[in-house]
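Notes for the one structure printed next.
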Amino acid sequence: MRFAVSLLTVLGIASIIGTVLKQNEPYENYIIKFGQFWFNFFETLGLYDVYHTGWFLVILLFLVLSTSLCIYRNSPLMIREWRAFKEHVTEKSLNAFSHQVTFKSSASLENTKQQLGLFLQAKGFKYKVRKHNDGSELIAAKAGTHQRLGYIFTHVAMVVILFGGLLDGNLPFKVQEMLGLKRIETLDIPESKVPAISRLSTSNPSFRANMTLPEGTSDNVAFVRVRDGYLVQELPFRVALKDFRIEHYATGQPKSFESDIVITDPELKAPITKTISVNHPLTYKGIAIYQSDFQDGGTKLNFKVWNLLSTDLQPQTLNGAIFQKGSLGNGADALTVEYNDFRKFNIINLSPDGRGKPHNVGPNVTYKLRDAQGQAKEYVNYMQPLQIDGKHYFLAGMRETVQEDFRYLRIPVDDDLTLNGFMRFRATMLDASKYPEIAHRMASTAIPNNKNAAVNKQFEDSVQQLMRTFAQGGYNQLAKVIEKNVPENDRVVAAQTYIKMIHLAAFEAYNMSLVANKKPELVNNADTQALVQDSLNAFSDMFFYGTPYFLQLDQFEHKQASGLQLTKSPGEKWVYLGSILLVLGIFSMMYIRERRIWLLLNPDGQQVHFAMSSNRKNLDFEQEFNLYREQLKGLLA
Amino acid sequence: MNTNMLDYQSKSLLQRLNWQDWLYAIILVAGSIFAYTKYAKYMDIYETGFLFGAMVLFSYLGWQWKSLGKLVLGVGLVSLFSISLYHGDQARATQVFLLKFLISSQSAIMWMNVLFVLAMTTYWFALYKRSVFAGSVATALTWSAALMGFVGLMVRWYESYLIAPDVGHIPISNLYEVFILFCLITALLYLHYEQRFNTKQLGGFVLLVVNAAVGFILWYTFDRHANNIQPLVPALQSYWMKIHVPANFVGYGSFSLAAMVASAYLLASKNVLVSRLPALDVLDDLMYKAIAVGFAFFTIATILGAMWAAEAWGGYWSWDPKETWALIVWLNYAAWLHLRMVKGLRGPVLAWWALIGLIVTTFAFLGVNMFLSGLHSYGTL
Ligand code: HEM
């Protein structure tokens, strides 16, 4: 018992660790979190997959043994107690009971005995009568002894459940791994290249494996994740995915995930076609197939590629597909594009206080740009403009490592809700040949009646100078220049002046880009001021985007992949059987109360010694004893 | 000596029933058939089973405990009346006077909150003044709170279908809803023991934990607007939810009740309030009974959860944090029962343990959702 309790305590603590430390994460995450030393230490202890470590399984095994031993030791007693009437107690031992009383009676022995028998029957007691040599008779009665079976049921249930659990655990693999018969594969190689030592055959009795099927494909293997690697589980049939669907509620939240799958097997006359969904799996050959998740299945993508830092007005085109690679640029600056993920629906809460309703903001694509040195930055671009604080922007996020949050470039939309307005503005701002005109337009609006050519020239020169600086790196570059050339005390004023000027210049640049495109100029009002300011901010942030290439998602052909989980768990039946036993056992242990009554009748029947006991002395028992005492007194009087 | 033995025989349940009991059962049968004919198209075979199972269960419970039968009828009547006022239009919840101020789901739940606060205050007042009358008022307030709370849930169930038929679901699917369920079940468990042990002194203690939950509901409503009805994520669209969650909350409710009784026990054993509280052995017995009930239901709930997981996640046990914490809670109370049964331990140690057990239980119930992530998707703050 003490041993069992210690085991349970260790089990409890281990379980808690397993819930606090997120299990089965990619190992890099743990390294980043703990540092190399602690990472190694925790790995040795198996803390990244506590519930499947050897020591955890050993504890469970010991628990089975210790509980079995407990059953083995206590059951004979329990069964004896269950059956026995204990008709061998003596007068002396009755006297030692805490609940006993002696009544006088006037009736004959036979009569009293009969009455008492009826009384016990009415109370639901079974009894046995034993005659003593001196003529006295003992009635030994019992009720609720099934409680004792409850003990056996409960504890056998524990053993049965743990046994079932061990059947479904990975004990066989652990043993094979220890003997060097199996090894996990840690390299990302095609399934067909995985060596036999990392493959589990179709005769593997229990597993829990995953499989990702793009629409229109089929497969007959699944993968079992183990620590930082995997095993290939071969299946005795082939699963094909015809179609995967996500349905949405009117609010945009997902309502259902469904896969139309087809199972083919030489042993089958006709393939099995079935739609599975969350909560509705399909079981074939003892293997249950569940809808577990979904991902992209190689969506085809068409991009417009803008070179942000050039004066080009026309984007290039680029085609690709998720999980494939493409390239941008050439020579030493060439970049590899890795298309990582496409999501058709993105349910986001964009309200500033986070309290509004989340809604669907449309597709986005995630990709990486990797340079010749192998350094990569990750990007996420939304296809449609998102509404933020009442205005629409195209969002393009960038981060350098997965631990960071994305930082977003917010590009304001033009009147047609497209990017083009900004792109033309940007080209104008970068195009030095446009600066004289910008400066001139600015001069004529800022100092309209000035006849002094020298002042005008000076003003226009400084605008052009400012433009050149800004085109090299936005506000940041401006700040650097101010820091270098302006005495510290004047910097704030200078900065304010420059910012005002660059804003005015940007207004003119925007108008020029409109005129060049045969569009009406902006009317000067708060909205257009805000548009120009947002465009300027985007322009300035462009220099932090980490690449001149802006990939605008133009079109896509959606292809999804369904994530299936396949499990074979021969222990399930045992676990359920154990569960039934457990419930029966617990209820009988707690709601059946074992009570025993002895009535010792004197040879002449003139005196009855009444004693009562229970293995659980509580208030109910006290009340029952008091009731019987009064009733018996009345009965015998 | 010729006494009739029938006097000593305790009557069986069926023998004890009178015409009111039968009428009650007939009303439940009629109500279930009515509900079935009206809503059969939304129910699968299991849910039909649950409907009639609930009919049998509530008939039985109502026969065993008459007050509960009255509550069932009251909840049914008020809910039907409220629903009839909607005319199938959700907007009327804020337009019709009775709905707006009394029995729309939101108002009824607010009334529940208010009544629980009043009930607790009255229980403490009654304890302080040793007032029998105040005690009865407190009991009445608690019953009313339960009535309003259940009405609120029933009407919320109906309202969810008004939003859209595919959004409709039983209101036990997120933290907001299960907190209401928790308040109601804990209160009912308490009321049951209040009658059985014929003591009103513990009301203030038990309602402490209920009112803590009320505080949470209020914060959750006003700060997080969690009272809005959300559609169900795919994993929760299962008939299992209808039995797994209530079973769990009978467990949580009982454990909380036990912990509050334990706190009364600890006070009394230190001679605080001892003249006003029930005797120590009564408190001890009550604590044991509550834990026994909680343990049984928690076992069932965990088993049901495992069966559901087998259907939804592909395995009956995934060591998901919620599952694991359920196991820890379960082991904790198994240890408690062992100490009491096998070692015969009694007294303050077990009371302390029951009280600390509440912290473990609360963590399993709430902390896991707040601090840990996992497959259980029904509620994050
Ligand atoms: C796997 C872990 C175990 C669990 C979950 C477990 C569970 C339980 C439960 C729920 C009870 C019922 C308490 C009650 O009557 O209300 C109980 C009683 C009992 N258990 Fe265990 N048990 C375990 C292991 C053991 C072990 C290893 C022993 C061996 C010494 C043991 C001995 C007993 C005894 C003697 C009783 C009291 C039976 C009675 O008097 O009616 N248990 N157990």
**Report entry** Failed item in (1) within 9 Å of chain A (Cβ to nearest Cβ); (2) of a type in the set (Phe, Trp, Tyr); (3) open to solvent by less than 20 Å² (accessible area, probe 1.4 Å), with B:PHE365 passing the rest
**Finding:** (1)
Requested in this report: Kindly indicate whether B:PHE249 is in contact with a Leu (Cβ under 7 Å, 6 or more places away or on another chain), farther than 22 Å from B:PHE197 by Cβ and of a type outside the set (Val, Ile, Thr).
Outcome: yes
Query raised in the report: Just a yes or no: is a residue in the stretch A:619-634 under 30 Å from A:ILE161 (Cβ atoms) and either in the same structural domain as A:THR90 (by the TED database) or surrounded by fewer than 16 Cβ atoms within 10 Å (Cβ to Cβ) (or both)?
Result: no
Requested in this report: Kindly establish whether A:ILE263 is more than 30 Å from A:THR53 (Cβ to Cβ) and within 14 Å of chain B (Cβ to nearest Cβ).
Outcome: no
Report task. Would you confirm whether any residue within the stretch B:238-254 is outside any helix (DSSP H, G or I), within 14 Å of another protein chain (Cβ to nearest Cβ) and surrounded by fewer than 21 Cβ atoms within 10 Å (Cβ to Cβ)? Result -> yes
Query raised in the report: Which condition number does B:ALA351 fail, the rest of (1) more than 9 Å from every other protein chain (Cβ to nearest Cβ); (2) small (Gly, Ala, Ser); (3) open to solvent by 20 Å² or more (accessible area, probe 1.4 Å) being met?
Result: (3)
Report summary line: Per the list (1) touching a residue at least 40 places away in the same chain (Cβ under 8 Å); (2) within 16 Å of the ligand (Cβ to nearest atom); (3) open to solvent by 30 Å² or more (accessible area, probe 1.4 Å), residue check on A:GLU594 breaks on (3)
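The rows are residues; the columns are (1) in a loop (DSSP other than H, G, I, E, B); (2) within 14 Å of the chain's Cα centre (by Cα).
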site	(1), (2)
B:PHE133	no, no
B:VAL137	no, no
B:LEU141	no, no
B:TRP157	no, no
B:THR199	yes, no
B:VAL210	no, yes
Report summary line: The one condition A:GLY546 fails out of (1) within 11 Å of chain B (Cβ to nearest Cβ); (2) part of a loop (DSSP other than H, G, I, E, B) is (1)
Query raised in the report: Which pairs have Cβ atoms under 7 Å, sit 6 or more apart or on different chains, and link a residue in the stretch B:179-206 that is of a type in the set (S, T, N, Q) to one that is part of a helix (DSSP H, G or I)?
Result: B:THR186/B:VAL206; B:THR186/B:VAL209; B:THR186/B:VAL210; B:THR186/B:GLY253; B:THR186/B:SER256; B:THR186/B:LEU257; B:GLN195/B:SER67; B:GLN201/B:LEU127
Requested in this report: Please go through the stretch A:58-77 and pick out each residue that is open to solvent by 30 Å² or more (accessible area, probe 1.4 Å) and either touching a strand residue (DSSP E or B) at 6+ places or on another chain (Cβ under 6 Å) or within 14 Å of the ligand (Cβ to nearest atom) (or both).
Outcome: A:LEU61, A:PHE62, A:LEU65, A:SER68, A:LEU69, A:CYS70, A:TYR72, A:ARG73, A:ASN74, A:PRO76, A:LEU77
Query raised in the report: Yes or no: B:GLN90 surrounded by 15 or more Cβ atoms within 10 Å (Cβ to Cβ) and over 30 Å from B:ARG196 (Cα atoms)?
Result: yes
Query - Selected residue [closer than 30 Å to A:LEU7 by Cα, away from chain B (no Cβ under 14 Å) and modelled with pLDDT under 95] from A:ARG227, A:ARG208 - result: A:ARG227
Requested in this report: For the stretch A:592-624, enumerate the residues that are assigned to a strand (DSSP E or B) and closer than 24 Å to A:PHE153 by Cα.
Outcome: A:ARG595, A:ARG596, A:SER613, A:SER614
Query raised in the report: When you go through A:THR283, A:THR336 one by one, which is the residue that is more than 30 Å from A:PHE425 (Cα to Cα), open to solvent by 30 Å² or more (accessible area, probe 1.4 Å) and not assigned by the TED database to the domain that holds A:TYR549?
Result: A:THR283
Requested in this report: Within the stretch A:1-56, count every residue that is open to solvent by less than 60 Å² (accessible area, probe 1.4 Å) and within 16 Å of the ligand (Cβ to nearest atom).
Outcome: 9
Report task. Could you tell me whether B:LEU68 is exposed (fewer than 14 other Cβ atoms within 10 Å of the Cβ), modelled with pLDDT of 95 or more and not assigned by the TED database to the domain that holds B:GLY253? Result -> no
Report summary line: Filtering the stretch A:561-591 for residues that are more than 16 Å from the ligand (Cβ to nearest atom), part of a helix (DSSP H, G or I) and at the interface with another protein chain (Cβ under 9 Å from one of its Cβ atoms) leaves a count of 2
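Yes/no matrix, rows are residues, columns are (1) open to solvent by less than 30 Å² (accessible area, probe 1.4 Å); (2) part of a helix (DSSP H, G or I); (3) within 9 Å of chain A (Cβ to nearest Cβ):
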{"residue": "B:ASP285", "(1), (2), (3)": "yes, yes, yes"}
{"residue": "B:ALA292", "(1), (2), (3)": "yes, yes, yes"}
{"residue": "B:ALA296", "(1), (2), (3)": "yes, yes, yes"}
{"residue": "B:GLY305", "(1), (2), (3)": "yes, yes, no"}
{"residue": "B:ALA309", "(1), (2), (3)": "yes, yes, no"}
{"residue": "B:THR324", "(1), (2), (3)": "yes, yes, yes"}
{"residue": "B:VAL329", "(1), (2), (3)": "yes, yes, no"}
{"residue": "B:TYR333", "(1), (2), (3)": "yes, yes, no"}
{"residue": "B:GLY344", "(1), (2), (3)": "no, no, no"}
Requested in this report: Kindly indicate which of A:ILE139, A:ILE59, A:ILE152 is in contact with an Asp or Glu (Cβ under 9 Å, 6 or more places away or on another chain) and among the β-branched types (Val, Ile, Thr).
Outcome: A:ILE139
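Rundown of residues vs (1) within 13 Å of the ligand (Cβ to nearest atom); (2) free of Cβ contacts under 8 Å to residues at least 60 places away in the same chain; (3) not assigned by the TED database to the domain that holds B:THR361, yes/no style:
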{"site": "B:ASN271", "(1), (2), (3)": "no, yes, no"}
{"site": "B:GLY305", "(1), (2), (3)": "no, no, no"}
{"site": "B:TRP317", "(1), (2), (3)": "no, yes, no"}
{"site": "B:TYR333", "(1), (2), (3)": "yes, no, no"}
Query raised in the report: So which of A:ILE139, A:ILE184 is open to solvent by less than 30 Å² (accessible area, probe 1.4 Å) and in contact with a Ser or Thr (Cβ under 7 Å, 6 or more places away or on another chain)?
Result: A:ILE184
Query - Index of the failed condition, A:THR102 passing every other in (1) away from the ligand (no atom under 15 Å from the Cβ); (2) part of a helix (DSSP H, G or I); (3) not basic (Lys, Arg) - result: (2)
Report task. Quick one: in the stretch A:346-401, of everything that is aliphatic (A, V, I, L, M) and under 16 Å from A:TYR549 (Cβ atoms), which residue is farthest from the chain's Cα centre (by Cα)? Result -> A:ALA372
Query raised in the report: Wholly within the stretch A:208-264, which strands (runs of 3 or more DSSP E) include no fewer than the required count, namely at least 3 residues that are of a type in the set (A, V, I, L, M), out of contact with any His (no Cβ under 7 Å at 6 or more places or on another chain) and farther than 14 Å from A:LEU282 by Cβ?
Result: A:218-226, A:229-248
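Has the stretch A:102-115 got any residue that is open to solvent by less than 70 Å² (accessible area, probe 1.4 Å) and either among the aromatic types (Phe, Trp, Tyr) or within 24 Å of B:VAL342 (Cβ to Cβ) (or both)?
Yes, the conditions are met somewhere in the stretch A:102-115.
The values are calculated or read from the model by the stated rules, or taken from the named source; none is laboratory data. The model shown is predicted, which means the values in this text are computed figures rather than measured ones. Heads up, the Cβs are rebuilt from the backbone with ideal geometry, glycines too, and the neighbour counts pull from every protein chain shown. Ligands, DNA and RNA are stripped out before the accessible areas are found, and what is left, the full protein with its side chains, is counted by its heavy atoms. Shrake-Rupley method; radii C 1.70, N 1.55, O 1.52, S 1.80 Å.
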